1. For the range 176-254, would you read off the P(r) tail past 18 Å as a percentage of all alpha carbon pairs?
2. Listed here are the pairs Lys226/Lys325; Lys358/Lys413; Lys353/Lys385; Lys343/Lys433; which of them are more than 20 Å apart at the Cα?
3. Hey, if you drop one equal point scatterer on each alpha-carbon of the range 284-387 and run the Debye formula without solvent, what base-10 log of I(q)/I(0) do you get at q = 0.10, 0.13, 0.15 Å⁻¹?
4. Which residue, Val424, Gly477, Val354, has the largest displacement toward the positive end of the dipole of the range 353-479 when charges sit on each Cβ (Lys, Arg +1; Asp, Glu -1)?
5. Cβ neighbours within 10 Å, averaged per peptide: list 330-341, 418-429 in order, most packed at the top.
6. Separation of the range 553-579 and the range 190-243 by C-alpha centroid, Å?
7. Using alpha-carbon positions, what is the distance between the centroids of the range 318-355 and the range 378-429, in Å?
8. Quote the FRET efficiency, to the nearest 0.05, computed for Val137 versus Asp408 with a Förster distance R0 of 35 Å and r equal to the Cβ-Cβ distance.
Amino acid sequence: MGQGHHHSGIFGTRSELVFAILSGVALTIGWVLDTFIEIDRLIPLCFYFGAYFFGGWFTIAEAIEKIRSGKFEIDFLMIIAAAGAASLGAWAEGAFLLALFSIGHALEGYAMGRAKRAIESLSELAPRVARVRRNGVEKEVAVEELVVGDIIIIKPDERVPADGFVVEGETSINQAPITGESLPVDKSPVTNVSEASQSPETLSPEHRVFAGTINQSGSIEIQVTKLASENTLARVIKMVSEAETRVSPTQKFTKKFERYFVPSVIIGVILLLIASFFLDEPFSESFYRAMAVLVAASPCALAIATPSAVLSGVARAAKGGILMKGGGPLESLGSLDAIAFDKTGTLTEGEPKVTDIKTADGISDTELLRTAIAVEDLSKHPLAKAVVRDGTARLKSIETGSKIRLPDATDLKSITGRGIQAVVEGELVHIGKDDLFTEVEGTPIPSTIREAVETLEENGRTTMIVRRGDRYLGVIGLMDTPREASKRTISTLRQLGIKRMIMISGDNQKVANAVAKEVGLDEARGDLMPADKVSEIRKLQSEGGVAMVGDGVNDAPAMASASVGIAMGAAGSDVALETADVALMADNLDHLPLAIGISRSARRTIRQNLWVSLGMVAILVPATLLGLNIGPAVALHEGSTLIVVFNALRLLAYQPK
């Protein structure tokens, strides 16, 4: 059965349903007159004609459309069957066939329309106009006319018209429509507008806003960072609507099945038609049986079994702030029982804090910190930012009163995965893991420093050794605290039946073990370079498939190697939206069980739908061959299609247990 086209006719988009009901009414009146009342044969016949007209109108329209594009589908088989019935004088059966088929088709169109509307409602989130201030003048312009850098004014209770960051005013914003977060998020202005507009993607969530979210308490002004066609909402809508075109494994199977099945049905029907030449029975009986088989064997329910479930699953996920890119990821995620987590920023806050400072003999905390801060200030790495932020705070508490003076650092070089070097006041400074100092020239690590590093790492700290010239200044210990949600999420996933959960991390093995123990994971793999992460995932992949959860930016290669890559906090990151198969819009692990729950539910639904649709064909074909009438065959056949569609629509109401 073709996907219900919304044919608008006299009655608007409901025309198909109205026609189908009229067809049923005409059929009923005709049949009552024909069966119970002595009356001229022509009168019931007129009603049957009416039933044929209303029941056949959309069916024929659709069949012609299909045949023109070279498709040979079920609508066509139905018309042949109805015409055949009429030519045998079995008007009632023919009308019954068309009435039921068109009612089924109309209801299915309506149901699929509901799932599509759930998706389209996303596109109504963003307002059509925005209040802009240009050259000191406020005016309303269409959202499409906004340019990057425009300043927009948003009053309380208004929807945010564009992606941007706050430059003026404080408020809280309900981001549920985009990220699925239930609580409003507080927003405040950025401190430096020109810096913020250089790299809006690196701003923290309290400054960024997204089109389609709802401003709650205060008036704010935002600077636009993306055109209407490129903002987060537009991309989500595009990806969700493309989700239908990305085919799932089951859909591939059903397409293949139909390709061989439909022609073989037609051949079978032709063989049944010529049976009367060989068997001793009138042509009308052979014809009637052939038509009944034709109806029984048409795989309507099969054609819609998977797409209806995929569409409903994707729509339900989008409502929870989860972007599923089609049937493929939806089905694979539902079947996996292993998940790999990236540690930093996924299981942990990604906001490391300086916890320990151990200086070498004869070195003051001040000297160690001033050198470390000067160098790390050149780097964008999260650990570097932590050293600058927490180190500066410590310096202030040591040197109260005087303004902190930092030495100048230049010529930053990063040594992949090991550390960095820079020049401070003419001396070469190295900061990094202990491996770094076996690689670069200079004095080896003294035993006191090595012992300090080992003690810190035993306690799950990430360590940075600081060497200036050939003097070791000391060690800085940092700890990245696990997210509150990590423990909860992991125990929920266990209940859902995820058997293996593994953490992969670039940090040393002891840190990885400490975090894993705290959040309740069984396996942790540390000391991994980006390339090692990819090979770890490939290994897990070969052991039966794995989903990889990360932030989608620096884990992109590993995520691409997993069966399903899941990115967190994708709302603000283009890279994450593009690379992941599943994007959790909020930066919140609690949404992961929902994504997996929906996928599992969708996969179950697809299975059930396949059993119902194939089972019905398997029962009906032999039954009609053995003499089941065309009426009951149509009723059961259409019934199975509706069961399949409504089973799929249950997904729209999915609630996590």
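All of the numbers you see were taken from the coordinates with simple rules; none came from a lab. Computed from a predicted structure; not experimentally measured. Positions of Cβ are backbone-derived with ideal geometry, glycine not excepted, and every protein chain shown enters the neighbour counts.
1. Values: 1708 of 3081 pairs.
It works out to 55 percent of all Cα pairs.
2. On the way: Lys226/Lys325 22 Å; Lys358/Lys413 25 Å; Lys353/Lys385 9 Å; Lys343/Lys433 18 Å.
Beyond 20 Å: Lys226/Lys325; Lys358/Lys413.
3. For the range 284-387, the Cα-only Debye profile gives -0.64, -0.79, -0.86.
4. Comparing the listed Cα positions along the dipole, Val354 ranks first.
5. Working: 330-341: 22.3, 418-429: 17.7.
Descending packing order for the listed peptides: 330-341, 418-429.
6. When both Cα centres are located, 19 Å separates them.
7. Taking the Cα centre of each part, the range 318-355 and the range 378-429 sit 33 Å apart.
8. Values: r = 45 Å, r/R0 = 1.29.
Efficiency for this residue pair is about 0.20.
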